[in-house]
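Just below is one structure, and these are the notes that go with it.
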Amino acid sequence: MAMDANTGRPIRHPRHLVIEQLNPWVLLTYYVAVVGCAMVFIHPVFLGTMLILMVGVNLVGRSGHRVLMTLEGSVFMVAFIMVLNPLVNNRGAHVIWTFGGVLITVEAVMYGLLMALSLVIVLLTFISYNQYLTSQKFMYLFSRFSPKLTLLTMMTLRFVPLFIKRFKGIIQAQSLRGIEVEQGGFRQRSISLVKLMAVLLEDSFDRALQTADAMSARGYASHKRTSFQRYRFTQRDLVWLLWLLLLSGSCFFEASQGIGRLVIYPSLGQMGLSVEGWLVLLEVAILVSFPMILEGWEWGWWHLLKHGI
Amino acid sequence: MVALVETRHLNFEYALSDHKSLSDVTLSVEAGAFIVIAGPSGSGKTTLLRQLKPELQPVGKRTGEILFNGHPINELGTVVSAQSIGMVFQSPDDQLVMDNVIQELAFSLENVGMSSGDIQRRIAELASFLGLQDLLYEDVTNLSGGQKQLVNLASVLILRPKLLLLDEPTAQLDPIATKSFMSLLQRIHEELGITIVMTEHVLDDVLPLADQLWFIRAGEITDTNTVSDTLGHLWQQPDARLFVPDVPYVFLNNQLTQTSGLPLTVVAGRRELREGKAKFKRPVIATAKEPVRRNWAVNLTHVAFEYDRNGNYVLDDLNLKVPENDWLAIIGKNGTGKTTLLKVMMGLLTPRRGTAKLLGKRVNSWHQQSLYQQVSFLSQTPSDYFSYDTVMAEFVARAEQLGLTDPKQAAQEMLTRLDLVSLANQNPHDASGGEQQLIALGILLLSAPSVLLLDEPTKGLDPVRRQRLGKILKRLQQERGVTIVMVSHDMAFSARFADHCTLLFDGQIVSQAEPHQFFAENFFYTTATNRLMRDLVPNLITREEVAVVE
């Protein structure tokens, strides 16, 4: 079991969600599809449904706290868009109010509202994206295009926290011998800081040389590198990928036919949905709730079907 | 027997150097051998090891021959060389390249152009052999030092080397991690038949596994014999004697009879002692009279510390008093919070509860720089303390900063006192680990502190430098009245030099006693000498104390 470097006590691992076990390509497809839907289906019923589902997806991932913070942070932005759009945009047939030559139309207010909603959904999607599509998985996605660059990025990413830790150690040690960066005049502090940076660079250079030795000892640059794929692409991944592609493909096709898109300009259209509209809404809902469906199935397998031991 | 590696009249001189780092080295390593190379730091151990790995040969002038399997080693192809000769270095951290263990293992194989399927198979096989399954997806930064070194070894083994070179692989590890690393090496050697050549200067754990012990001194190989022959020869030379581990030391020092060769382990030693029937003197334990009222240099009361909110208490209601002019050794396994304790003492970390007093004054009511002049803290990375280009400049700068009347004079005195005169004009970063320790100590000592806090001062030091450091510190304590609080897992060093020892466990100080009493009461956590002798004389703790009754 791994130990925490600071405390020397075991680190507990959280349980894995089903979606975390899927291949990064499936994850990427899902997020692209959701963001696409949020930008294409400009309709209050669609966006409202997606908003609720996206909150649900984040709650399943236990990032409720972050959702709250994002919603809190976006209140101002939503208000801004809703106020600004009617002010600068006076297209539309239904005028609510005029003052000083500015027309406030129902269309512009509605458009602002929908834009804001769509933006919030995209933000929520990114919370989930950051949680599941970690930098390692992202790197895996792009290692196909440039293995060398990927290795470099990976080493750099790993290096940054080490660098910071080393710098803290050096600041502490130097202060013990009388070189302070937090005391004295500006000139004195700048001189100390430059000294410390020099110490850090020298130390890092020393270590980098050792790493380089260890790398060449293990045959780095002795042959054209291959790339070990740590995320396998299983049959299950293939099934889900096809499912997501099919579903999102059909959604985008319907959208291109104008279904699920509220006609706003020049004159606000009918809010109500046709039968086809409801069907597309269902499709979008199923698409967006993908992580919840996976989790629900997992829950059902263990609790309802009594496969548990 | 077939020699796997041979060198003939090998000479090597570093570029820009004025002396030979290796001179006329002729040796041969048989396939399947386990060879330990010992010698003082800077004697050319690492240089020699690097000659045997073409990718790592240092730049300089080389004459003579190096053969691998009968062919010149530099004619091996890069891929062949990478695969058939593996090398593990000292620092557990700096060898890691990737972010998690499985990628680290794959890295070696990716380098030699293996396909994903083959990589998968090799990882599966090796992980099962080494028992790495549970660590495979672990982030490398979460591993302990011992685990990191295990991963470093694994990522070399995965290339299936014929020859494994190890450069002081356990110098940075604690005793428990060292032992498990050694038993792994034994398995690799015995079960896989891999030839091992290893440099090391703490020989207690490794000699029972080795076939041969070689000794190198100033670039010359002086011994290439079996372990007991080399030890016997080292014993003849006063300056190499310190390298002999505790158990054989006791036997050689007292000229005890050996029925079946020089014993290397505690169990073999005890068997010999039972058969030899020698009688031993009881140690004279100097118990200083405790003055009625003493001043406390360090006084911690009810100290608790956690690293984060709702975290685990690393220190938990800890009480510790250290009288002035005492030398206290705090012993304990890695990760028990020893370093944390020192940092709390020094005010570098703020305790969650409780108070820390230094020299009778609360740590947080001291003016910071005057505290740092009175109390010095030496961390495990002495190089963090350096900021100038030469050792002399370091000392002079600190002396000037302290406003000493004659900085040059003070620096010169410090160089003499710590025996560093020969390094005066060198860059402190180029000095060896042991010397860096002394240089950092010198910087701190310029302010004439009355308390010295040391974090693992003997880590990575060879026996000669270890003893020198001990003597310097002892002199400071006796002549200048310095109080020393040291955190260490070096039990032999603590037994020999400290006045009191204590054990830190589960956030608390478990016992605090005079070393003889402390180690005699311990059963597992004690010196090798004590484990060897405890049936005969229970409170013998250092090898120098063992003496036969005439």
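The values are calculated or read from the model by the stated rules, or taken from the named source; none is laboratory data. Remember, predicted model here, so these are calculated numbers, not experimental data. FYI the Cβ positions are ideal-geometry reconstructions off the backbone, even for glycines, and counts take in every protein chain you see. The protein model used for the area step is the full one, side chains on, heavy atoms only, and it has no ligands, DNA or RNA in it. Shrake-Rupley method; radii C 1.70, N 1.55, O 1.52, S 1.80 Å.
Checked against the criterion of being in contact (Cβ under 8 Å) with a residue 60 or more places away in the chain and buried (at least 18 other Cβ atoms within 10 Å of the Cβ), the stretch B:104-113 contains not a single residue that satisfies it.
If the condition is being within 7 Å of chain A (Cβ to nearest Cβ) and in contact with a Lys or Arg (Cβ under 7 Å, 6 or more places away or on another chain), then the stretch B:84-103 contributes B:MET87, B:ASP94, B:ASP99, B:ILE102, B:GLN103.
More than 10 Å from chain B (Cβ to nearest Cβ), open to solvent by 40 Å² or more (accessible area, probe 1.4 Å) and assigned to a loop (DSSP other than H, G, I, E, B): which single residue out of A:PHE145, A:PHE126 fits that description? Being more than 10 Å from chain B (Cβ to nearest Cβ), open to solvent by 40 Å² or more (accessible area, probe 1.4 Å) and assigned to a loop (DSSP other than H, G, I, E, B) holds for just one of A:PHE145, A:PHE126, which is A:PHE145. Criterion applied to A:LEU176, A:LEU151 was being in contact with a strand residue (DSSP E or B) (Cβ under 9 Å, 6 or more places away or on another chain), buried (at least 17 other Cβ atoms within 10 Å of the Cβ) and within 14 Å of another protein chain (Cβ to nearest Cβ), and the one residue passing it is A:LEU176.
Helices (runs of 4 or more DSSP H) wholly in the stretch B:303-418 with at least 1 residues that are closer than 30 Å to B:ALA171 by Cβ and β-branched (Val, Ile, Thr) - which ones? Step through it out loud before you land on a result.
Numbers: elements: B:338-346, B:368-374, B:391-401, B:407-417.
Helices (runs of 4 or more DSSP H) meeting the threshold: B:338-346, B:391-401, B:407-417.
B:THR381 fulfils the conditions (1) more than 10 Å from chain A (Cβ to nearest Cβ); (2) open to solvent by less than 70 Å² (accessible area, probe 1.4 Å); (3) within 19 Å of B:LEU452 (Cβ to Cβ); (4) without any contact (Cβ under 8 Å) to a residue 12 or more places away in the chain except for a single criterion, (1).
Report yes if some residue within the stretch A:203-225 is in contact (Cβ under 8 Å) with a residue 40 or more places away in the chain and facing chain B (nearest Cβ under 7 Å); otherwise report no.
Initial filter on the stretch A:203-225 (in contact (Cβ under 8 Å) with a residue 40 or more places away in the chain): A:204, A:225.
Filter once more, keeping what is facing chain B (nearest Cβ under 7 Å): A:225.
Checked the stretch A:203-225: at least one residue is in contact (Cβ under 8 Å) with a residue 40 or more places away in the chain and facing chain B (nearest Cβ under 7 Å).
Taken together, B:THR170, B:THR141 contain a single residue that is of a type in the set (Ser, Thr, Tyr) and touching a Ser or Thr at 6+ places or on another chain (Cβ under 7 Å), which is B:THR170. Every listed requirement among (1) facing another protein chain (nearest Cβ under 8 Å); (2) free of Cβ contacts under 8 Å to residues at least 60 places away in the same chain; (3) within 21 Å of B:LEU473 (Cβ to Cβ) is met by B:GLN369 save one, (3).
Against the test of being within 14 Å of chain A (Cβ to nearest Cβ), modelled with pLDDT of 90 or more and closer than 26 Å to B:MET392 by Cβ, the options B:LEU452, B:LEU476 yield a single qualifying residue, B:LEU452.
Here are B:ASP308, B:ASP317: which of them is open to solvent by 40 Å² or more (accessible area, probe 1.4 Å), farther than 24 Å from B:ALA513 by Cβ, out of contact with any Gly (no Cβ under 6 Å at 6 or more places or on another chain) and of a type in the set (Asp, Glu)? Don't jump to the end; show me each part of the working.
On the way: B:ASP317 fails: farther than 24 Å from B:ALA513 by Cβ.
Matching residue, one of B:ASP308, B:ASP317: B:ASP308.
Out of curiosity, is B:ASP205 acidic (Asp, Glu), under 26 Å from B:PRO382 (Cα atoms) and either buried (at least 19 other Cβ atoms within 10 Å of the Cβ) or touching a His at 6+ places or on another chain (Cβ under 8 Å) (or both)? When the stated conditions are applied, B:ASP205 does not pass them. Scanning the stretch B:460-472 for residues that are of a type outside the set (A, V, I, L, M) and assigned to a helix (DSSP H, G or I), we see that the one that is most open to solvent (accessible area, probe 1.4 Å) is B:LYS471.
Within the stretch B:520-550, the set of residues being surrounded by 19 or more Cβ atoms within 10 Å (Cβ to Cβ), within 21 Å of the chain's Cα centre (by Cα) and hydrophobic (A, V, I, L, M, F, W, C) comprises B:ALA528, B:ILE541.
Would you check if there is a residue in the stretch B:260-276 being assigned by TED's automatic domain parsing to the domain that holds B:LEU22, farther than 30 Å from B:HIS500 by Cβ and of a type in the set (Lys, Arg)? Working first, answer last.
Just the residues of the stretch B:260-276 that are assigned by TED's automatic domain parsing to the domain that holds B:LEU22, to begin with: none.
The answer is no, given that none of the residues of the stretch B:260-276 is assigned by TED's automatic domain parsing to the domain that holds B:LEU22, farther than 30 Å from B:HIS500 by Cβ and of a type in the set (Lys, Arg).
Taken over the stretch A:180-202, residues that are touching a residue at least 12 places away in the same chain (Cβ under 8 Å) and of a type in the set (Gly, Ala, Ser) amount to 1.
Kindly indicate whether A:GLN235 is of a type in the set (S, T, N, Q), facing chain B (nearest Cβ under 9 Å) and surrounded by fewer than 19 Cβ atoms within 10 Å (Cβ to Cβ). Give the derivation first.
On the way: of a type in the set (S, T, N, Q): yes; facing chain B (nearest Cβ under 9 Å): no; surrounded by fewer than 19 Cβ atoms within 10 Å (Cβ to Cβ): yes.
Against the criterion (of a type in the set (S, T, N, Q), facing chain B (nearest Cβ under 9 Å) and surrounded by fewer than 19 Cβ atoms within 10 Å (Cβ to Cβ)), A:GLN235 does not qualify.
It is to be established whether one or more residues within the stretch B:473-484 are under 19 Å from the mean Cα position of the chain (by Cα) and either closer than 18 Å to B:SER41 by Cα or not in a loop (DSSP other than H, G, I, E, B) (or both). Taking every residue of the stretch B:473-484 in turn, at least one turns out to be under 19 Å from the mean Cα position of the chain (by Cα) and either closer than 18 Å to B:SER41 by Cα or not in a loop (DSSP other than H, G, I, E, B) (or both).
Which ones in the stretch B:415-441 are more than 23 Å from B:ILE330 (Cα to Cα) and buried (at least 23 other Cβ atoms within 10 Å of the Cβ)? First the steps, then the outcome.
Kept after step one, since they are more than 23 Å from B:ILE330 (Cα to Cα), are these residues of the stretch B:415-441: B:415-432, B:435, B:439.
Once the filter is applied, which keeps residues that are more than 23 Å from B:ILE330 (Cα to Cα) and buried (at least 23 other Cβ atoms within 10 Å of the Cβ), the stretch B:415-441 yields B:PRO428, B:GLU435, B:ILE439.
Restricting attention to the stretch B:56-65, does a residue exist that is of a type outside the set (D, E, K, R), buried (at least 22 other Cβ atoms within 10 Å of the Cβ), facing chain A (nearest Cβ under 7 Å) and not in a strand (DSSP E or B)? Looking for residues that are of a type outside the set (D, E, K, R), buried (at least 22 other Cβ atoms within 10 Å of the Cβ), facing chain A (nearest Cβ under 7 Å) and not in a strand (DSSP E or B), one finds none in the stretch B:56-65, hence no. Filtered by the rule that a residue be open to solvent by 30 Å² or more (accessible area, probe 1.4 Å) and either without any contact (Cβ under 8 Å) to a residue 24 or more places away in the chain or part of a strand (DSSP E or B) (or both), the stretch B:24-49 gives B:ASP24, B:THR26, B:SER28, B:GLU30.
B:ALA297 passes every criterion in (1) within 23 Å of B:LYS459 (Cβ to Cβ); (2) open to solvent by less than 70 Å² (accessible area, probe 1.4 Å) apart from (1). Tell me, please, whether a residue that is open to solvent by 10 Å² or more (accessible area, probe 1.4 Å) and under 17 Å from B:LYS338 (Cβ atoms) can be found in the stretch B:442-451. Looking for residues that are open to solvent by 10 Å² or more (accessible area, probe 1.4 Å) and under 17 Å from B:LYS338 (Cβ atoms), one finds none in the stretch B:442-451, hence no.
Could you check, for the stretch B:126-134, whether at least one of its residues is over 22 Å from B:LEU166 (Cα atoms) and more than 7 Å from chain A (Cβ to nearest Cβ)? Spell out how you get there, then give the answer.
Step one: filter the stretch B:126-134 for residues over 22 Å from B:LEU166 (Cα atoms), giving B:128, B:133-134.
Next cut, more than 7 Å from chain A (Cβ to nearest Cβ) only: B:128, B:133.
Yes, because at least one residue in the stretch B:126-134 is over 22 Å from B:LEU166 (Cα atoms) and more than 7 Å from chain A (Cβ to nearest Cβ).
With the requirement that a residue be more than 7 Å from chain A (Cβ to nearest Cβ) and either touching a Cys at 6+ places or on another chain (Cβ under 8 Å) or open to solvent by less than 50 Å² (accessible area, probe 1.4 Å) (or both), what does the stretch B:73-82 give you? Please lay out each step first, then the result.
Kept after step one, since they are more than 7 Å from chain A (Cβ to nearest Cβ), are these residues of the stretch B:73-82: B:73-77, B:80-81.
Once the filter is applied, which keeps residues that are more than 7 Å from chain A (Cβ to nearest Cβ) and either touching a Cys at 6+ places or on another chain (Cβ under 8 Å) or open to solvent by less than 50 Å² (accessible area, probe 1.4 Å) (or both), the stretch B:73-82 yields B:ILE73, B:LEU76, B:GLY77, B:SER81.
The number of residues in the stretch B:34-45 being farther than 14 Å from B:PHE215 by Cβ and modelled with pLDDT of 95 or more comes to 1.
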